[in-house]
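Notes to accompany the following structure.
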Amino acid sequence: MSKRELDRYDLIQRCIRKAMKESTAATLLRLSVRQIRRLKHAVRTRGASGLIHGNRGNASNRRISEEERKRIATILHKKLYRGFHPTFAAEKLADRHGIDRDPKTIRAIMIAEGLLKPRKGKHRSMHRSWRLRRAHVGELVQFDGSYHQWLERRGGTDMICLVAAIDDASGRIMHAVFGHDEGVFAIFAFWKGYVERHGKPRAVYCDKFSTYKQHIPSVAEQDRKTQFQRAMETLTIEPIFAESPEAKGRVERLFKTLQDRLVKEMRLAGIATIEDANRFLEETFIPWFNTRFFVEPASKENLHQPLIQKERTALDSIFARHDMRTVQNDFTIAHHTRWYQLAETQPVTIRKNERIIVEEWLDHSIHFRLRGKELHYEILPARPKRSAKRIPWVLIATTSAQPTRAPWRPAADHPWRQYTALAVAKKNQKPL
């Protein structure tokens, strides 16, 4: 079953237990009440498999034959049909080749063959209206970070970041932590603490900061996901990205309140370090805030899903920075200027030039994973560094520790000397 079907199964079980109304489940799943009743009957009779469609894995009865599909693709690849749009191509296929098919079918074939790039829908201005609160706790959590002089430069601190999450239904601060930045590791540490304490919310509403959403276009669709999106997808938490600050106004108003009240409360308490600020925030301020500004949600049902055992044991791996590396011919891996040697005995078969996942956990330890299995390795020693100042080769040769030899001179009776003496005598000999 897919994660979407497992989520649907959880809501249907709540309806069966009468912990949730059928109309509420229909609104959450975007179905009709009649469909909810049909799914309840299917779950009662066949269990979780009743949510799986019976035709899964089978080809559609209305699918055209593979021979006709190949014939249409061959015709459209011809130079004559270059630049044709689906409607015009369908008309010409019917007129010239006797192939009468719907333009939508032709469009699907052209997209599959790379002959047509689907266009995005036109941007239309939308009417903005007041959005009602969600009905359940954990149905939507607004989340953001705020840089501010929270400690008013006490203890030598200047600008620090407060990361906070507020429930949309009740207005409660679910979790808040002070840190130095809003980077990947700070956000992962925040959400790891959140899900361990409260469970998984159904959706998270945040802005388009680079930690949460990538703005640089890429060729592959999976490359567009940030580390945050990948972690949220693994836990089946839906990230929703606000198009404007006003869209997530609840968390924006929260920071406006905290920058007024929390700063003054910490000033009165004499807090000067981030550790003391986090302790004060958790033990004193958040309980007071939730008591003071709590709003009764429309439903008492809490939609936070508890972590299953598999997810709880994999939290360190989920909330870690994932990178891809290639296994070298000598079964070594390079990562952040360090070399790692894979062990000979592994829980999974490793091949040369295989792509593996490198995980950097919150404690900055390195772990390698392939096909869901963690690999064994050892850290190779660092290579010797080159000297910053290079010595010329001539200087090295002249300053060698070996003793220098005197130049060789031939003896007095050496044939070379005799030949030289004979030549000088012949040159000086006077003619008769």
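Tell me the label-point distance for the pair S244, K310, using the 7 Å Cα-to-Cβ offset, in nm and rounded to one decimal.
Here the answer is 4.3 nm between the modelled labels.
Among M232, M159, M110, which one moves the most in a GNM of the chain with springs linking Cα atoms closer than 10 Å?
Of the options given, M110 has the highest mean-square fluctuation.
Of the options A94, S65, G114, report the single residue whose Cα projects farthest towards the positive end of the charge dipole of segment 59-197 (beta-carbon charges: Lys, Arg +1; Asp, Glu -1).
Positive-end residue among those listed: A94.
Is the C-alpha gyration tensor of segment 3-51 telling us rounded, prolate or oblate? Criteria: a/c under 1.5 is rounded; beyond that, a/b larger than b/c is prolate, otherwise oblate.
Rounded is the answer for segment 3-51, as its axis ratio a/c remains below 1.5.
Treat every Asp and Glu Cβ in segment 66-112 as -1 and every Lys and Arg Cβ as +1, leave all other atoms uncharged, and give the resulting dipole magnitude about the Cα centre to the nearest 20 debye.
Result for segment 66-112 is approximately 280 debye, rounded to the nearest 20.
How would segment 237-355 be classified by its alpha-carbon gyration tensor: rounded, prolate or oblate, with rounded meaning a/c under 1.5 and the a/b versus b/c comparison settling the rest?
prolate
Going through the cross-link list K70/K225; K200/K373; K78/K117; K225/K373; K352/K373, which pairs have a Cα-Cα distance over 28 Å in this structure?
Going by Cα-Cα distance, K70/K225 fall outside the 28 Å limit.
Pick from L76, L268, L140: which residue has the top mean-square fluctuation in a GNM of the chain where Cα pairs under 10 Å get a spring?
Fluctuation is largest for L76.
Take the chain, connect every pair of alpha-carbon atoms lying under 10 Å apart with a spring to form a Gaussian network, then pick out the residue of R224, R405, R131 with the largest mean-square fluctuation.
Maximum fluctuation in the GNM of the chain, among the listed residues, is at R405.
Using the basic label-point model (7 angstrom from Cα toward the beta carbon), what is the R131 to H77 distance in nanometres?
4.7 nm
Taking the Cα centre of segment 3-51 as origin and charging only Cβ (+1 Lys, Arg; -1 Asp, Glu), how large is the dipole, in debye to the nearest 20?
In debye, rounded to 20, segment 3-51 gives about 140.
Report, in deg cm²/dmol and to the nearest 500, the calculated mean residue ellipticity at 222 nm for the chain, where each DSSP H run with n ≥ 4 adds -39500 (n - 2.57) and the sum is divided by the residue count.
Estimated from H runs of four or more residues: -11000 deg cm²/dmol.
Tell me, what HN-Hα J-couplings in whole Hz come from the Karplus equation 6.51 cos²θ - 1.76 cosθ + 1.60 at θ = phi - 60° for each residue of segment 65-74, using x for Gly and Pro?
So the J values, rounded to whole Hz, are 5, 5, 5, 5, 4, 5, 5, 5, 5, 5.
Under a point spin-label approximation (7 Å from Cα along Cα-to-Cβ), what is the I16-E378 distance to one decimal in nm?
Between I16 and E378, the simple spin-label model gives 5.3 nm.
Going highest first, how would you order 335-344, 198-207 by mean Cβ packing within 10 Å?
My ranking of the peptides, most packed first, is 198-207, 335-344.
Since every read-out is calculated from the coordinates, none of them should be taken as a lab result. Here the structure is a predicted model, which is why all the values come from computation and not from measurement. Note that we place each Cβ from the backbone using ideal geometry, even for glycine, and neighbour counts take in every protein chain shown.
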